[in-house]
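Have a look at the structure below, then the notes.
No value in this document is a laboratory result; all are computed from the given coordinates. Values in this document were obtained by computation on a predicted structure and should not be read as measured data. Cβ placement follows ideal geometry from the backbone for every residue including glycine, while neighbour counts extend to all protein chains displayed.
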Amino acid sequence: MPALQARILESLDAIPAGRWDALHSSDHPFVRHAFLSALERTGCLRADWGWAPHHLTLWDEETLVAAAPMYLKSNSHGEFVFDFAWAHAYAQHGLEYYPKWLCGAPYSPVTGPRLLAQTPELRQALANAMTKLCSAQELSSVHVNFHPKDEDSGFGEDWLLREDIQYHWNNRDGWKTFDDYLAAMDAKHRKNIRQERAKVERAGVTFRVVHGDEASDADLAAIHGFYLQTFAEYGNSPALTLEFLREIARTMPRQLVLFIAEVDGEAIAGALCLRGGDTLYGRYWGSHAQLPGLHFETCYYQGIDYCLRHGLTRFEPGAQGEHKIARGFLPTLVRSRHWIADPRFRGALDDWCAAERRDVRRHAARLHRHSPFRDGDIRS
């Protein structure tokens, strides 16, 4: 390995898109330069909301050889790997947990590349640079959220491992149509899904599937309005701006997928998804109408139909929700890594993480027993 220079960048626009995207072979949308830079440029990441871009890059002279999307965090919101108890424990001992350093995709609990490099050695160099710079900057910790399992070799033994459960759909048997998919289920679940879809159809709801390059400004505004309404209903602050949607519709035209529900030509609900190489990712939904089955149709069944039509093998509709199991989304383990600068806390949290992993795996095994498939398949 040549001697590499680590540089911190406060804006992703400091690197040309092609150089950043060349670091990862995946077309995973959430680490693309277009997605991450759009968040920065259109007001979605603000220091007063706890997000300050602080990207790590490694250079061989003037050649970018590795990078990681990283942010200084003054809180733990928008991460979906919950460490509020850790922050509380620090405060009880008179220590500052914030700021911390996060590697991940903002507001996106989606597994994907985090150590952007072409070799295991460079991925390990990135992880090592994270710990060294964490100490040098007097930060409490580094967190790498929702990394894929094949990046495990980049992390040393002093990186803590956490696991959690999400619910993913997989085309495990090469289904071609929605009826093929339902045929793999037991009669009860098959009947329930058909009834849910029939209720939406009887209500006169039709759907348009629109990619970014097909979306009108009215389509984007409607989806953003649904997003704002959902966040208002839950008392949360919406981070994504309409300008962000407009930009990714332009820069990621075939990766942005909108499902728009209409009655008599008027949009009443919608879901925003992003598409990767073989996976559809559901992110946000909202509705102006309360109709039976509308949520399931908009967020799940339309997405499954899309995957079957386009040959995608995986659909990740978002975090949480055990109700997804009955609709064919099976429990799947997701991972994150954490390096704690204080060795005393690191030791205590190592035991805590081990106990948490055991509990999560036991819970996942129990959930798998509720699989709706006739053969009781527990593959995820």
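Worth pointing out:
- Screening the chain for whole DSSP H helices of 18 Å or more along their axis (Cα) with average Kyte-Doolittle hydropathy at least -1.0 returns 120-136, 217-233.
- Tensor-based shape of the stretch 4-140 (alpha-carbon gyration tensor, a/c under 1.5 rounded, otherwise prolate or oblate): prolate
- For the stretch 28-81, size of Cβ-based charge dipole, Lys and Arg +1, Asp and Glu -1, in debye: 300
- DSSP bridge orientation in the chain - percent antiparallel, rounded to nearest 5: 90
- Stretching the chain fully between Lys132 and Arg362 yields a gain of 79.3 nm (0.36 nm per residue, less the alpha carbon separation).
- Spread of Cα-to-Cα distances over 10 Å intervals beginning at zero, given as percent, for the chain: 5, 22, 31, 26, 13, 3, 0
- Shape category assigned to the stretch 86-159 from the gyration tensor of Cα positions, a/c cut at 1.5: prolate
- Sequence-distant residues sharing a close amide H with Ser141 (under 5 Å, placed H): Trp101, Ala341
- Least to most buried among Arg246, Arg114, Arg309 (fewest other Cβ within 10 Å first): Arg309, Arg246, Arg114
- Most tightly packed first, judged by the mean number of other beta-carbon atoms within 10 Å of their residues, the peptides 341-353, 117-129 read 117-129, 341-353.
- Length-normalised contact order of the stretch 172-312 in % [C-alpha pairs under 8 Å, at least 6 apart]: 28
- The shape of the stretch 172-312 can be summarised by an equivalent ellipsoid whose semi-axes, obtained from the alpha carbon gyration tensor, come to 26, 19, 13 Å from longest to shortest.
- What you get for the chain, charging only the Cβ of Lys and Arg (+1) and of Asp and Glu (-1), is a dipole of about 1100 debye around the Cα centre.
- With both residues required to sit in the stretch 267-380, DSSP beta bridges show an antiparallel share near 70%.
- In this simple spin-label model, placing a label point 7 Å from the Cα along the Cα-to-Cβ direction at both Glu262 and Arg314 gives a separation of 3.3 nm.
- A Stokes-Einstein calculation at 4 °C with viscosity 1.567 mPa s, built on the Kirkwood radius of the stretch 260-380 over Cα pairs, returns a diffusion coefficient of 76 µm²/s.
- Sites Ala354 and Arg250, calculated FRET efficiency, Cβ-Cβ separation with R0 56 Å, nearest 0.05: 0.75
- Subtracting the Cα-Cα distance of Glu214 and Arg369 from their residue separation scaled by 0.36 nm leaves 51.6 nm.
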